[in-house]
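The structure appears right after this line, and notes come after that.
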Amino acid sequence: MNPPRTPFYRAVEWYAKRSYGRVLDPVRAAGHHAGVLRAVLGFERSAAKWNRLDPTVKALAEMGSATVIGCSWCVDFGYWESSRRGVPAAKLRAVPSWRTSEVFTTVERDVLEYAEAMTATPPAVTDELADRLRDGLGEAAFVELTAVVALENLRSRTNAALGLSSQGFKDSCEVPPPPGS
């Protein structure tokens, strides 16, 4: 996965190392097509400015979708990035078992159900679930939630199809178990 070392790619590589401590594998993969890399980076920069969703809700939606798709790279990086932003690790770890976990609010459960339903092929979102989320989040946040899940589907499906797997980000932020456990 060694993309052409164009000036643009070298600049992106420098930024990634400075921001994340290493070059992200999806950047390396997209680096083989400068137009794709530019488009992905531009969209990611725009999406990072969306601010109608609570950061925990956004992280849960992304992790829920990545878990359904089975993208280990996205789960790994998402856990690391969300932890750095203050999302409780207990919630992130409980995403795969959200139906039985006690750590989620009613709205968070609806968000995880929505992420799963949107990620299904074909999508399985019900009117009732969409209405509950509109009522619980507001219209603008519901639209953002939908876009966040769609974006995570793009990321996770692309990374999984390209064979990208965990880069070990989660290992650097895992909280050790409490003493005596």
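Identify all residues within segment 121-142 that are over 22 Å from residue 69 (Cβ atoms), open to solvent by 20 Å² or more (accessible area, probe 1.4 Å) and out of contact with any Asp or Glu (no Cβ under 7 Å at 6 or more places or on another chain); write none if there are none.
Of everything in segment 121-142, those that are over 22 Å from residue 69 (Cβ atoms), open to solvent by 20 Å² or more (accessible area, probe 1.4 Å) and out of contact with any Asp or Glu (no Cβ under 7 Å at 6 or more places or on another chain) turn out to be 127, 128, 131, 134, 135, 137, 138, 139, 140.
May I ask you to list the residues in segment 67-92 that are under 20 Å from residue 19 (Cβ atoms), open to solvent by 50 Å² or more (accessible area, probe 1.4 Å) and not in a helix (DSSP H, G or I)?
Listed by number, the residues that qualify are 85, 86.
Every residue in segment 38-52 that is loosely packed, with under 12 Cβ neighbours inside 10 Å and more than 14 Å from residue 62 (Cα to Cα), please.
Residues of segment 38-52 that are loosely packed, with under 12 Cβ neighbours inside 10 Å, as a first pass: 42, 45-46, 48-49, 51.
Correct list: 42, 45, 46, 49, 51.
Considering only segment 114-173, how many residues are of a type in the set (D, E, K, R) and under 15 Å from the mean Cα position of the chain (by Cα)?
Count: 6.
Filter segment 105-120 for residues that are crowded, with 19+ Cβ neighbours inside 10 Å and of a type outside the set (Asp, Glu); which is farthest from residue 142 (Cα to Cα)?
Checked segment 105-120; the qualifying residue farthest from residue 142 (Cα to Cα) is 119.
Only one of (1) under 13 Å from residue 62 (Cα atoms); (2) aliphatic (A, V, I, L, M); (3) out of contact with any Gly (no Cβ under 6 Å at 6 or more places or on another chain) fails for residue 89. Which number is that?
(1)
Look at residue 102 and say whether it is open to solvent by 50 Å² or more (accessible area, probe 1.4 Å) and not polar (S, T, N, Q). Give the steps one after another, and end with the answer.
On the way: open to solvent by 50 Å² or more (accessible area, probe 1.4 Å): yes; not polar (S, T, N, Q): yes.
The answer is yes for residue 102.
I need a count of the residues in segment 160-171 that are within 19 Å of residue 60 (Cβ to Cβ) and either open to solvent by 60 Å² or more (accessible area, probe 1.4 Å) or of a type outside the set (A, V, I, L, M, F, W, C) (or both).
Number satisfying all stated conditions: 1.
Checking residue 154 against (1) more than 30 Å from residue 27 (Cα to Cα); (2) loosely packed, with under 15 Cβ neighbours inside 10 Å, only one condition comes out false. Which one?
(1)
The values are calculated or read from the model by the stated rules, or taken from the named source; none is laboratory data. No experiment lies behind these values; they were computed from the predicted model shown. Positions of Cβ are generated from backbone atoms using ideal geometry, with glycine treated the same way; all protein chains shown enter the neighbour counts. Ligands, DNA and RNA are stripped out before the accessible areas are found, and what is left, the full protein with its side chains, is counted by its heavy atoms. Shrake-Rupley method; radii C 1.70, N 1.55, O 1.52, S 1.80 Å.
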